[in-house]
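Peer 1: Dropping the structure in here first, questions after.
Since every read-out is calculated from the coordinates, none of them should be taken as a lab result. Note that the structure is predicted; figures quoted are calculated from it, not measured. Glycine gets a Cβ as well: all are built from the backbone with ideal geometry, and neighbour counts include every protein chain shown.
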Amino acid sequence: MQHLYISYPSDDYEFAHRLVDDLQAAGYPVFVDAVSETGTMAWAAETRQAIRSAGAVLMILWPDRGRRLGIRHEGVGARRRGKPTYVLRRSPGDLPRYLADAPQIDFSGDYDPALRDLLAALPPASVLIESAPLPTPRRAIRPPRQPEDQAARRRVTWLVMLLVLLAILALGIAFGVIPV
């Protein structure tokens, strides 16, 4: 089962939880409010795991208030994992670059029409409930360097340094900086 991950500023608690109640009433499973304190390592791990298993991410933003703690971590994490990300705008203003192309729903005015627009844009709740979380693509891990590779690299580094030193010496002699 996948869920909707909701990211919101701490001073917008009432709005976010009204939205949670309405989404749950519409049949959506919702993840909101990580247990750990925002910005801590535990919070980062908790939100990363919740975003991995999310079917979509909803970012509640007040662009005219500037950036808030944690927004980049959540927004970039969702985009890297290819999660559908929706911006729920609470005010006008510029969005961060990593969210500029995300679908936007205007929640700065009347709530009910905006909620209908959001429900129309989201994947159906039944699809999220019946879907297993998508596997997170892993980055290829480079095999450890072999000792002979490291020795060869050291030899090349020393050779380059020696050549640079000889070039500096030759230029010094040529321009009379170093007397012969």
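Peer 1: Just to confirm the number: angle between the C-alpha axis of helix 71-80 and the first principal axis of the chain, 0 to 90 degrees, nearest 10?
Peer 2: It is inclined by approximately 80 degrees.
Peer 1: According to the Kirkwood expression over distinct Cα-Cα pairs, how big is the hydrodynamic radius of the chain, in Å?
Peer 2: Value: 19.9 Å, from the Cα pair sum.
Peer 1: In degrees, nearest 10, range 0 to 90: what is the angle between the Cα axis of helix 147-174 and the longest Cα principal axis of the chain?
Peer 2: 60 degrees
Peer 1: Give a residue-ordered list of calculated ³J(HN,Hα) values for the range 112-125 (Karplus: 6.51 cos²θ - 1.76 cosθ + 1.60, θ = phi - 60°; whole Hz; x for Gly, Pro).
Peer 2: 4, x, 5, 4, 4, 4, 5, 4, 5, 7, 6, x, x, 4
Peer 1: Could you derive backbone 3J(HN,Hα) for the range 44-59 from the dihedral phi with the Karplus parameters 6.51, -1.76 and 1.60 (θ = phi - 60°), listing whole Hz in sequence and x where the residue is Gly or Pro?
Peer 2: 4, 5, 5, 5, 4, 5, 5, 5, 4, 8, 7, x, 7, 10, 10, 10
Peer 1: What is the set of long-range amide H partners of Arg81 at a cut-off below 5 Å, with H atoms built 1.01 Å from backbone N?
Peer 2: Those lying under 5 Å, H to H, from Arg81: there are none.
Peer 1: Can you list residues from other chains, or at least 5 along the same chain, whose modelled amide H is less than 5 Å from the amide H of Ala56?
Peer 2: For Ala56, whose amide H was placed from the backbone, the distant partners under 5 Å are His3, Tyr5.
Peer 1: In what order do Ile6, Ile60 fall by count of nearby beta-carbon atoms within 10 Å, going from fewest to most?
Peer 2: With the sparsest Cβ surroundings first, the list reads Ile60, Ile6.
Peer 1: Under the Karplus relation 6.51 cos²θ - 1.76 cosθ + 1.60, θ = phi - 60°, what is the ordered set of whole-Hz ³J(HN,Hα) values for the range 101-111, x standing for Gly and Pro?
Peer 2: 9, 6, x, 10, 10, 7, 9, 7, x, 5, 6
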